[in-house]
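**Student:** Please see the structure below; I have some questions.
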Amino acid sequence: MFRLIVVLVVLAVASSQVLLANREKYEALFFEHVQKFQLSFSSGRDFVSRLEIFAARVDEIETHNAQPGASYKMGLNQFSHLTAAEFQDAVHLGSLRPPYLRKNAPMIHEAPLDMSSVPASVDWVSAGAVTPVKNQGNCGSCWSFSTTGSLEGIYYIKNKNLQSFSEQDMVSCDNTDSGCNGGWMDTAFTWVQGKGGLPLETTYPYTSGTTGASGTCDKSKTTIFPGSAPTGFVDVQANSVNALMSAVAQQPVSIAIQADQASFQTYSSGVLTAKCGQQLDHGVLVTGYGTLNGVDYWQVKNSWGSSWGYVKHTYARTYTHDMTRPTLSCDETKLTKLIILTRTLHSNILHTQHVRLHLD
């Protein structure tokens with residue numbers, strides 16, 4: 001039956017202008033894609049539609065990667081058979097955008113007057129303070145992964161012991177956020193502080209990525225890991241690259257960005273340069289900064305699994321972004337601020353938290 005469907009599909013594809021020129025190449029790549037990500041289709045028509053979308057994505061990737069001097073590469077991943085709208089839905093972008101981004105932070109981390117003590121580059125992944133990349137799956141829980149990333153980082157810096165904290169505890173039990181329907185790192189930090197910490201990932205494993213639901217809080221799995229609660233958190237000063245650099249020099253930092261851009265769907269490696277956005281819809285973690293081929297960048301850990309992005313390090317997928325344009329405006333179409341900002345920050349684009357843990 002499967003072979004018969006394949007034959008029918010191939011015949012149908014032959015009539016498509018998108019696939020006509022390089023049909024065999026597209027088909028070979030698509031079948032590899034289907035097997036790798038265990039895809040299924042509702043009908044032969046659905047199969048053909050997905051193949052056509054995939055073929056167009058291949059053309060887009062090859063055209064971009066052939067450009068001389070491109071600062072980043074595109075590549076195939078688990079989203080390559082999806083339309084732009086389907087991609088945004090698949091990663092649950094824009095689930096919740098709280099109106100007051102900085103309402104919970106009692107203090108602001110400001111830029112130091114003297115930047116001479118701030119290192120030129122920082123890499124918390126290489127330092128051992130970042131857990132392997134995780135996958136939020138079919139759940140709008142990016143906010144919880146950004147939160148655990150900050151807490152895991154500062155816990156390691158204090159104790160020299162890397163632990164993976166539970167996102168599921170926040171997704172299912174944090175009644176100040178909205179689980180798979182979105183949340184915010186500020187309220188999550190406050191909630192974790194109030195309850196005295198988080199359980200380990202092994203104690204309360206993440207399941208919402210598979211079920212697509214926040215689930216009911218399982219009190220039997222909420223045993224708090226000692227020392228995992230923050231004493232508090234501060235927001236990083238708006239419009240100050242030096243403030244964010246000095247914060248990241250101390251620990252990984254939670255940020256919010258607009259990730260519903262086309263280049264997010266196909267990003268593979270390098271310093272990402274693309275149009276920026278001011279509609280915050282995705283929480284991630286800044287794990288360092290530096291300069292690559294003369295371009296300054298922020299290094300960021302995402303939560304879309306190991307099939308997305310560039311393996312800069314053997315156990316964490318990161319992406320980088322051009323931060324060279326000295327402008328505060330985000331109205332220019334040429335502004336290179338998509339994934340991470342340039343070395344100038346805008347309070348409506350990037351929101352950060354700098355977290356402190358108990359010292360005892």
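**Student:** Right, Thr190: closer than 19 Å to Tyr204 by Cβ and either at pLDDT 95 or above or among the β-branched types (Val, Ile, Thr) (or both) or not?
**Tutor:** no
**Student:** Condition first: out of contact with any Phe, Trp or Tyr (no Cβ under 7 Å at 6 or more places or on another chain), within 20 Å of Ser263 (Cβ to Cβ) and without any contact (Cβ under 8 Å) to a residue 40 or more places away in the chain. Now tell me which residues in segment 29-58 satisfy that.
**Tutor:** Scanning segment 29-58 gives Ile53, Ala56.
**Student:** Another question, then. What tally of residues in segment 143-191 results from selecting those that are among the aromatic types (Phe, Trp, Tyr) and out of contact with any Gly (no Cβ under 9 Å at 6 or more places or on another chain)?
**Tutor:** Result for segment 143-191: 1.
**Student:** Confirm whether Ser208 is under 13 Å from Ser166 (Cβ atoms) and in the same structural domain as Trp191 (by TED's automatic domain parsing).
**Tutor:** Yes; evaluated as a whole, the condition is true for this residue.
**Student:** Still on this structure, I have one more. Grab the helices (runs of 4 or more DSSP H) fully contained in segment 171-275, keeping just those with 2 or more residues being among the hydrophobic types (A, V, I, L, M, F, W, C).
**Tutor:** Output list reads 185-195, 241-248, 262-266.
**Student:** Output the residue which, of all residues in segment 126-153 that are surrounded by fewer than 24 Cβ atoms within 10 Å (Cβ to Cβ) and of a type in the set (Val, Ile, Thr), is nearest to the chain's Cα centre (by Cα).
**Tutor:** The selected residue is Val133.
**Student:** Would you mind telling me which numbered condition in (1) under 20 Å from the mean Cα position of the chain (by Cα); (2) at negative phi Pro226 fails?
**Tutor:** It fails just one condition, (1).
The values are calculated or read from the model by the stated rules, or taken from the named source; none is laboratory data. As the structure is a computational prediction, the values presented were derived from the model and not from experiment. Heads up, the Cβs are rebuilt from the backbone with ideal geometry, glycines too, and the neighbour counts pull from every protein chain shown.
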